[in-house]
Structure formats: C-alpha cells, structure tokens
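The values are calculated or read from the model by the stated rules, or taken from the named source; none is laboratory data. Keep in mind it's a predicted model, so treat the numbers as computed, not measured. In this analysis, Cβ positions are derived from the backbone assuming ideal geometry, glycine residues included, and neighbour counts consider all displayed protein chains. When the accessible area is computed, the model is the full protein with side chains, heavy atoms only, and any ligands, DNA or RNA have been set aside. Shrake-Rupley method; radii C 1.70, N 1.55, O 1.52, S 1.80 Å.
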Amino acid sequence: CFGGNGATHLEGKVSQEKLMLEPVLNAKNMIEPALNYFKKGGFEDLIEFEPFYLKAFKVGAPSKKIANILGLEP
C-alpha cells in the first residue's frame, strides 16, 4: 500500500497485482485490505515489526503553531 500525493507516480513501476494506491490516506480505506489480510491469517510480530519507508524519515523543528500548542514558544 502506497499513500500520499506521490503514490500515483508508482503506477507502471510496481507489480500491479500487489499494488494499492491511496493518494488520500484514510483509515476507512484500509478496512477491506486489513480484513482480507486477517482472514488469511496474516499477522505481524509487533515486537519485531518495523515499517518500511521508501525514503528516510526526517525529523525537523515543529511548526510555530505546533510549538505554541506544546508550549515550546515563549
């Protein structure tokens, strides 16, 4: 499952039979795939599970709005 506004760029580059594009990520869109996975007995070992990201996650400074909510701005 690939999500976000760049997901459509993967069309034709990834096997179509295993491709699920969700340009707008929403939990309700994951109900059917999650239920199918569950019915097939697909479970992850949550202790050892790590998500796979195509690019590195970068942590940056919070926006001014978030910093204000968290009390990080004077």
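In table form, for the structure just shown:
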{"item": "Residue selected from segment 22-72 under the condition of a type in the set (K, R) and part of a helix (DSSP H, G or I), by the criterion modelled with the highest pLDDT", "result": "K39"}
{"item": "Number of positions in segment 39-60 that are open to solvent by 100 Å² or more (accessible area, probe 1.4 Å) and either over 28 Å from G6 (Cβ atoms) or not aromatic (F, W, Y) (or both)", "result": "11"}
{"item": "Every pair of residues 6+ apart whose Cβ atoms lie under 7 Å, when the first sits in segment 50-65 and is on the phi < 0 side of the Ramachandran plot while the second is surrounded by 10 or more Cβ atoms within 10 Å (Cβ to Cβ)", "result": "P62/L72; K64/E73"}
